[in-house]
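Let me begin by presenting the structure, written as structure tokens, before commenting on it.
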Amino acid sequence: MSVYISVTGFRPHRGLLRLARFWWHTMRAVRQARAAPGNLRVMLRPVDGIYHTLTVWTDEASMRAYVRSGAHRRAMIGFRDLGGGKTLGFAADADPGWDVAYARWQCEAREV
């Protein structure tokens, strides 16, 4: 079964208020992702001050529908004020797991 993988990394700007806003948006978007059609897995992992998400989807269209709706869409509106990040999406034959997905993110992610 092929899947679509999305890996993101976000570094919030300094400041307690920004960090609180970031987490408020993050938790709402995570709840949305877990309930989204086509979502198979949601994982959060901080690495060196960068907050990562790894999501696994049945297909790219399901992931894109999630990104453009609800809590995730609202979070993206204020994204630049809160920090900056990189993202990577790719198709795979199966869920590659955190280590493989993160290694690809380190080499291939693009700034957003």
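Scanning region 60-103 for residues that are of a type in the set (Asp, Glu) and closer than 27 Å to ARG18 by Cα yields a total of 1.
The sole residue among VAL7, VAL100, VAL30 that is touching a Phe, Trp or Tyr at 6+ places or on another chain (Cβ under 8 Å) and of a type in the set (Val, Ile, Thr) is VAL7.
Quick grid of which residues meet (1) out of contact with any strand residue (DSSP E or B) (no Cβ under 7 Å at 6 or more places or on another chain); (2) farther than 17 Å from MET27 by Cα:
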residue	(1), (2)
VAL42	no, no
ALA61	yes, yes
ALA65	yes, yes
GLY78	yes, no
ASP81	yes, yes
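Quick one: which helices (runs of 4 or more DSSP H) sit completely within region 36-112 and have at least 2 residues that are without any contact (Cβ under 8 Å) to a residue 24 or more places away in the chain and surrounded by fewer than 14 Cβ atoms within 10 Å (Cβ to Cβ)? Show your work before the answer.
Working: elements: 60-67, 70-77, 79-82, 97-108.
Counting at least 2 such residues, we get 70-77, 97-108.
Among the residues of region 92-102, write down those that are of a type in the set (Gly, Ala, Ser) and within 15 Å of the chain's Cα centre (by Cα). Matches in region 92-102: GLY97, ALA101.
All of the numbers you see were taken from the coordinates with simple rules; none came from a lab. Since we're looking at a predicted model, the values are computed, not measured. All Cβ positions, glycine included, derive from the backbone under ideal geometry; neighbour counts span all protein chains shown.
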